[in-house]
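Read the structure below first, then the notes.
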Amino acid sequence: MRELEFIEWIQGRSDFDATKVPVGPGDDCAIVRLGDSDLLVTTDQALDGVHFVLAEHGPRAAGRKVMARGLSDVAAMACVPLAAVATATLPRGFPPSDAEELYRGMRDLADEYHCPLVGGDVAGWDGALCLSATVFARRAGVSGGVEPVLRGGARVGDAICVTGTLGGAWKSRKHLEFMPRIAEAVELAISCRIRSMIDISDSLARDLQHICTASGVGAEIVAADVPLNEGSALHDALHDGEDYELLFTVSQAWARKLCDRQPLSVPITRIGTIVKGDGLTLIGADGTQSDLEPTGWEHGT
Ligand SMILES: [Mg+2]
């Protein structure tokens, strides 16, 4: 069974009391009600040979990456991390100095984001290095006044925007070195009404499809407007994934203001429009329209 099919199968079996679990599986974080506030939680894995190559990237980069993936999911909800727990399944004979590096990779990034690493579990086995990180988060703003941003709020006519530049994240090592966009996401959510948001982990096309599916809409992307990383082609930016930039929708008026003012430390670029329907369309330089397949990074297939 493919990864996405399995997730959909689980979602079909998830039935929660919405007063206790307002958001279950299917967004970047789940939301659990905790008294008068929300507790957000997300969990991510990083596996040797899938999300990193231990022999090439080293243990510190591997530890950093698993923590960064979790923090990026918190950014996608425009929330603030509270604490993290992590697990490491070490190959037999894993050197203690490498285990310490692994921990330092996780811990240094968590510290940078004021997210204490408060616990976890370590085991050994005959397989490759497997890591996981679970990050807990809260609403942003004074007294938690900023509503978490979900994938399902995009409306027909919304502008589609991204932060930063896209494509070639494996080649450039950005997938190991990216900074989760938490401050940027919170600033956006405080300064304007973001209708939907996700972090680009699978790929621009696939993550945009997640927003469209959750919102019951379609999307048009203008090829010439997609911001490319140096050395990347359009195809890389659309389908590579692992950029961990923010992909969000706002009203046309807000998109104009954001693009004019550029309030973040990273560029904001408008790349398209939310439309009626359910699929993705790519508009080429000569105005021709073609279907944009929501393909991207799929692990283990
Ligand atoms: Mg995500």
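Where a number appears in this text, it was derived from the coordinates with a stated rule and is not lab data. What you see is a predicted model; the values in this text were computed from it and never measured. So basically every Cβ, Gly included, is an ideal-geometry build from the backbone, and we count neighbours across all protein chains shown.
Worth a mention:
- Mean silhouette area of the stretch 151-291, derived from the convex hull of its C-alpha atoms and averaged over all directions, reads 7.7 nm².
- Per-selection Kirkwood Rh - the stretch 56-193 (Cα, Å, 1 d.p.): 16.4 Å
- Each Lys or Arg adds one and each Asp or Glu takes one away; over the other residues whose Cβ falls under 9 Å from the Cβ of residue 246, this sums to -2.
- Over the stretch 168-295, relative contact order from alpha-carbon pairs under 8 Å, at least 6 apart, %: 37 percent
- Charges were assigned to the Cβ only: +1 to each Lys and Arg, -1 to each Asp and Glu. The resulting dipole of the stretch 148-301 about its Cα centre is roughly 640 debye.
- Listed by Cβ neighbour count within 10 Å, with the fewest neighbours leading, 232, 203 appear as 232, 203.
- Among 195, 64, 256, the residue with the largest mean-square fluctuation in a Gaussian network model of the chain, with springs joining Cα atoms closer than 10 Å, is 256.
- As a length-normalised measure over Cα pairs under 8 Å and 6 or more apart, the relative contact order of the chain settles at 20 percent.
- The value obtained for the chain, namely the Cα convex hull volume divided by the number of residues, is 139 Å³ per residue.
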